[in-house]
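Working notes, structure below.
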Amino acid sequence: MVQQLRKSITALAFFAVSGAALAQAPTAPLTLKPDAPDRYVVVPGDTLWGISQRYTDSPWRWPELWGLNKEEIRNPHLIYPGYVIYLDRARGQLRIGEARPPTSGAESAGTPGSVKLGPRTRSQSLGKERIPSIPAAVIEPFLSRPLVIEPDGLDKAPTIVATQSDRVVLAAGNSAYVRGMGGARQDNWYVFRRGVPLVDPDTNQTLAYEAVYLGTAQLQRAGEPATVVLTSVVQEVGAGDKLVAAGQPQAISYAPRAPDKQIRGRVITIYGSLGKVGEAGPQQIVTINRGGRDGIEVGHVLALYSLGGSVRDVTKARGAADESIKLPDERSGLAFVFRVFDRVSYALVMQVTRPISPLDVVRTP
């Protein structure tokens, strides 16, 4: 855990693909909570989402709260435990300083010891942890492993064709023989098999397949077939399973923000559940039927809505054409998009007022 916490995490980001420009400014003014603290000291375990939620019920409008411009969102700065956050109520914005007594000439206009969040050069102890946007440990496993594959995406991947001593099921430490590696020099590999289809609930079209993660393997001897040793196993591994080169996530910055266009989509599945069964709560992962081609980007925040059902209007005669009333969709939470594919995306449920279910609606907040 300590080692994990010591990984370098940018203040507005975790591992992700590129962040983009600031979303169009919402028409409604940003509202501060009546009980928002005038001063807050950042502590280990804080996230920028959590800090922002102390001040507003619209934490996805983080850039407005801090008064960041487009360039600052693309190249965010760092916040550490021990920093003090001050609320400028007149401007409705936050300022950040360090937990030290103000010195002569060092006070900014407004709150003693506070400074506007902006470019600066500083020396920072490696023992002090930077504050991430959202809980890092929850999404880290989903950032380096492929989660979605095209319908034929694993057809040409290296394949386990035989097992050590003709074992039916392989465990950690067992060897396997793989065809299709060719001259690959990659030492570390993930083991997958194709999982359930991700079907668009609106069009009934198969958008992709989930990749079922089985474990890890290390190349022991190149060739055709090559020999690999399983280094970890989380599900049964056997002949026919596929290997994908293990990649390294890239630490690229992004800011949480609303999409700059109107998005409407649906929750396809809750990760780890069976098909359309199950419910999601905070810090669970959902798959949605919108991706990069629809304008979804990492860092986008989407509102979740429970589908409104139909009820009978008791004031109408039975069998009347207008007897049935469609109830409106009810807002049920927020989700933070952290990984985007062409036609689907994965989002972390951040807050809920009721459980999230497959087929629920996602929209621009």
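Tabulated data for the structure shown
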quantity: Where 150, 323 fall by accessible area, highest first, once all protein chains stay in place (1.4 Å); calculated: 150, 323
quantity: Long-range Cα-Cα pairs in segment 147-187 (distance over 12 Å), rounded percent; calculated: 68
quantity: Integer Hz, Karplus 6.51/-1.76/1.60 couplings in order for segment 334-350, x for Gly and Pro; calculated: 9, 9, 10, 6, 10, 8, 10, 10, 4, 10, 9, 9, 10, 9, 9, 6, 9
quantity: Segment 133-188 - percent of accessible surface contributed by carbon and sulfur, probe 1.4 Å; calculated: 46
quantity: Heavy atoms of residue 140 accessible to a 1.4 Å probe, total area in Å² rounded to 10; calculated: 40
quantity: Segment 294-345, accessible surface, carbon-and-sulfur percent (1.4 angstrom probe); calculated: 53
quantity: Cβ crowding within 10 Å averaged over residues, with 160-170, 29-39 ranked highest first; calculated: 160-170, 29-39
quantity: Gain upon complete extension [residue 41, residue 202; 0.36 nm per residue less C-alpha separation]; calculated: 53.3 nm
quantity: Projected area, mean over directions - segment 274-347, Cα convex hull, nm²; calculated: 7.2
quantity: Computed E for residue 317/residue 245 - FRET, C-beta separation, R0 56 angstrom, nearest 0.05; calculated: 0.25
quantity: Accessible area of residue 271 in the full protein assembly, 1.4 Å probe (Å², nearest 10); calculated: 70
quantity: Virtual spin-label span in nm between residue 307 and residue 264, 7 Å along Cα→Cβ; calculated: 1.4
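The values are calculated or read from the model by the stated rules, or taken from the named source; none is laboratory data. Keep in mind that what you see is a predicted model, and the values were worked out from it rather than measured. Glycine gets a Cβ as well: all are built from the backbone with ideal geometry, and neighbour counts include every protein chain shown. These area figures cover heavy atoms from the full protein model, side chains too; ligands, DNA and RNA do not enter into them. Shrake-Rupley method; radii C 1.70, N 1.55, O 1.52, S 1.80 Å.
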